[in-house]
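Computed from the coordinates by the stated procedures, all read-outs in this text should not be read as laboratory data. Here the structure is a predicted model, which means the values were calculated and not measured. All Cβ positions, glycine included, derive from the backbone under ideal geometry; neighbour counts span all protein chains shown.
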Amino acid sequence: MEFEHLIKRINELSRKSKTDGLSPEEKEEQTKLRNEYRALVIGNLSSQLDGLKIQHPDGTITDVKKRS
């Protein structure tokens, strides 16, 4: 699902839950969408951090890599 559409639908469900309440199907959809959003954010952040380099005071450069 497209990122902007995902956020839009999450917000729609959030507003509806505050006013009318959600059906069990909508609650399930909301949970699924929130988990998908979290996975996208974590994936984006991880890829940004993987490309990061740190330059130390002595001039050496170290890649920031995924820790196991």
Original post:
What pairs can you find where one residue is in region 37-52 and closer than 15 Å to E2 by Cα, the other is surrounded by 10 or more Cβ atoms within 10 Å (Cβ to Cβ), and their Cβ atoms are less than 6 Å apart, with a gap of 6+ or different chains?
Top reply: Y37/L6
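Within region 52-62, is even one residue in a helix (DSSP H, G or I) and either of a type in the set (D, E, K, R) or within 22 Å of the chain's Cα centre (by Cα) (or both)? Give the steps one after another, and end with the answer.
To start, the set of residues in region 52-62 that are in a helix (DSSP H, G or I) comprises none.
The answer is no, given that none of the residues of region 52-62 is in a helix (DSSP H, G or I) and either of a type in the set (D, E, K, R) or within 22 Å of the chain's Cα centre (by Cα) (or both).
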**OP:** Identify, by number, the condition in (1) out of contact with any Phe, Trp or Tyr (no Cβ under 8 Å at 6 or more places or on another chain); (2) under 29 Å from K65 (Cα atoms) that D20 doesn't meet.
**Re:** (2)
Original post:
Considering only residues of region 12-36 that are among the polar types (S, T, N, Q) and either under 20 Å from the mean Cα position of the chain (by Cα) or loosely packed, with under 10 Cβ neighbours inside 10 Å (or both), which is farthest from E2 (Cα to Cα)?
Top reply: T19
